[in-house]
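Here, each number is a calculation from the coordinates, and none is a lab measurement. Not measured: the values here are computed from a predicted model. With ideal geometry, Cβ positions are generated from the backbone for all residues, glycine too; neighbour counts draw on all protein chains shown.
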Ligand SMILES: O=C(O)CCC(=O)C(=O)O
Ligand SMILES: [Fe+2]
């Protein structure tokens, strides 16, 4: 191993999230490529999370997506409601505040109960790949609406950009595991991934103070479902990751980095050698207005949920089960994801 040094982005309560420079993987020599791949894998094995810099996605592309996301959410509510999320199979469209409750409960009844009790304070739009005519994306009408045209163009392009990073991260994981670098390529080439734009509206402080003493959050504690999630956060803060001690530790925004976490299907695929770690979004530190009133400004984030091709069967990766045996049966990627989404909405 060449000794690349890896900084920590987060280190508290036994939770260490590395900050990894991806440039050597994308364009370095063989030795630094391999040590970067090992650092990526190690981050997913130890904490389930990494921060990635020099990932190849330009900050102006990300800024464009944030700007167009904010414009989208500023549209009249009835316009957004007309673009409603319509099925777990498609997982495309707009979700208003309070509709979804992310939790780790699998029973639909339990989720409904929780959702009524403490709705998440967020709205979102999910965007899938464009080439599935039976499951169209829900775009705002583009005729005579330049913002709507720009929105669609930018989001379609960004979906593709992020798809390529999924391919690269899975290549790094393969190389780190000591299997053929291209081992996952046949699982990542279709792009059955979901770009989710998130808006957590600004609220007054009283909203986070619940009379029943329950913690009001912007997004409830959950793990993600797929292979990996690419998360772009604004400067607001509020994302927290569960530590091995059971506490929630701030995953503070670092400019120009992507927070990447492993999902449940990758944990399963890796025979639980990779962790899918719980996380949530809570209120950031409040802002005090001139009149002394405290409020929480809005937060925007962009989550890109990557999945193995929906048609592929997911069974323990070579090298992860020979000593211990396979912990899980094979399962079709799409079946797994749709089952999880069905329980959530
Ligand atoms: O908005 C965030 O920072 C996190 C969102 C998230 O974890 C999710 O949508 O799965
Ligand atoms: Fe998440």
0 to 90° range, to nearest 10: angle between helix 333-344 axis and the chain longest Cα axis: 30 degrees
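Can you give the extra length, in nm with one decimal, that the chain gains between residue 23 and residue 78 once fully stretched, where that is 0.36 nm per residue apart less the Cα-Cα distance?
Details: separation 55, 0.36 × 55 = 19.80 nm, distance 4.41 nm.
Full extension of this stretch gives 15.4 nm more.
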Residue order, fewest to most surrounding Cβ atoms within 10 angstrom, among 273, 247, 194: 247, 273, 194
Projected label distance in nm at residue 131 and residue 89, using a 7 Å step from Cα toward the beta-carbon: 2.1 nm
Projected-area mean, the chain, by convex hull of Cα positions, square nanometres: 18.9 nm²
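Reported to two decimal places, what Rg/Rh ratio describes the range 161-284 when computed on Cα atoms with Rh from the Kirkwood expression? Show your work: numbers first, answer last.
Working: Rg = 16.8 Å, Rh = 16.4 Å.
On the Cα set of the range 161-284, Rg over Rh gives 1.03.
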Under 18 Å from the residue 335 label point (7 Å along Cα→beta-carbon), backbone N, the range 306-329: 308-317, 327-329
Order of 120, 81 under a 10 Å beta carbon neighbour criterion, fewest first: 81, 120
Cβ-derived FRET efficiency at R0 51 Å, residue 245 paired with residue 142, nearest 0.05: 0.55
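Kindly put 138, 177 in sequence by how many other C-beta atoms sit within 10 Å of each C-beta, fewest to most. Don't skip to the answer; put the middle values down first.
Numbers: 138 18, 177 22.
In order of increasing Cβ crowding within 10 Å: 138, 177.
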Degrees, to the nearest 10: 146-177 long Cα axis against longest axis of the chain: 30 degrees
Shape of the range 4-88, Cα gyration tensor, a/c cut at 1.5: prolate
